[in-house]
1. Would you point out which residue out of VAL89, VAL44 is crowded, with 19+ Cβ neighbours inside 10 Å and either assigned by TED's automatic domain parsing to the domain that holds ARG127 or acidic (Asp, Glu) (or both)?
2. Within region 55-74, count every residue that is surrounded by fewer than 20 Cβ atoms within 10 Å (Cβ to Cβ) and touching a Ser or Thr at 6+ places or on another chain (Cβ under 9 Å).
3. ALA143 - would you say it is among the aliphatic types (A, V, I, L, M) and assigned to a helix (DSSP H, G or I)?
4. Of the residues VAL50, VAL107, VAL31, only one is surrounded by 15 or more Cβ atoms within 10 Å (Cβ to Cβ) and assigned by TED's automatic domain parsing to the domain that holds THR140; which?
5. Look at ASP4 and say whether it is assigned to a helix (DSSP H, G or I), over 30 Å from VAL100 (Cβ atoms) and among the charged types (D, E, K, R).
6. Does region 113-121 contain any residue that is touching a Phe, Trp or Tyr at 6+ places or on another chain (Cβ under 9 Å), buried (at least 22 other Cβ atoms within 10 Å of the Cβ) and not in a strand (DSSP E or B)?
7. Hey, among the residues in region 1-28 that are buried (at least 16 other Cβ atoms within 10 Å of the Cβ) and charged (D, E, K, R), which one's nearest to ARG127 (Cα to Cα)?
8. If a residue has to be at pLDDT 95 or above and under 16 Å from the mean Cα position of the chain (by Cα) to count, how many in region 129-158 make the cut?
Amino acid sequence: MGADLAQLRTIADYQFGAGAGEALFDGDVVVQRTSTGRPQQIVVDGERVVSYGTDGRFTLGLAGGRRLQEALAPPAYRVVVGDDSEPFVREGRNVFARFVRRVDPAVRPGDEVLVEHLEGALLAVGRAELSADGMADFETGMAVKVREGVPAAESASQ
């Protein structure tokens with residue numbers, strides 16, 4: 001497992017930046033594999049942190065989003081929305097460009113991102129569909145394909 005863990009941390013550092021691997025895979029790490037032995041789901045302390053895609057990239061679960069939010073300084077991998085979008089994003093609905101208030105200028109289409117409220121609360125995790133410039137400039141179009149939203153009740157308890 002040690003070599004596996006080192007490799008997963010290296011991939012996370014490459015995808016999200018230095019320190020991401022340590023943040024994502026700190027704790028009791030369980031790697032669930034496909035029938036061919038390829039890593040598929042990575043669970044840490046009983047929560048799915050990431051899935052490992054066939055393209056060699058991670059897709060974030062909410063637990064992974066929370067870990068990255070703590071580990072990476074803003075604006076890294078963040079798309080920020082206001083009150084008008086919050087309830088919809090929490091339900092798992094997509095983020096549209098007209099509602100994006102701020103975005104990490106390095107975000108590219110296909111990147112895994114954290115969707116945050118203006119006040120810093122994590123609302124969802126998902127995949128950027130537009131570049132940072134596109135999110136800032138466009139009035140229409142999907143900015144983030146939300147994979148999983150943070151329910152309001154869950155957010156209030158934290």
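1. VAL89
2. So the answer is 1.
3. No.
4. Numbers: VAL50 fails: assigned by TED's automatic domain parsing to the domain that holds THR140; VAL31 fails: assigned by TED's automatic domain parsing to the domain that holds THR140.
Result of the check over VAL50, VAL107, VAL31: VAL107.
5. Answer is yes for this residue.
6. no
7. If we take residues in region 1-28 being buried (at least 16 other Cβ atoms within 10 Å of the Cβ) and charged (D, E, K, R), then ASP13 is nearest to ARG127 (Cα to Cα).
8. Going through region 129-158 one residue at a time, the tally reaches 12.
The values are calculated or read from the model by the stated rules, or taken from the named source; none is laboratory data. This one's a predicted model, so the numbers in the text were calculated from it and none came from an experiment. Quick reminder, even Gly has a Cβ in these numbers, built from the backbone with ideal geometry, and neighbours come from all protein chains shown.
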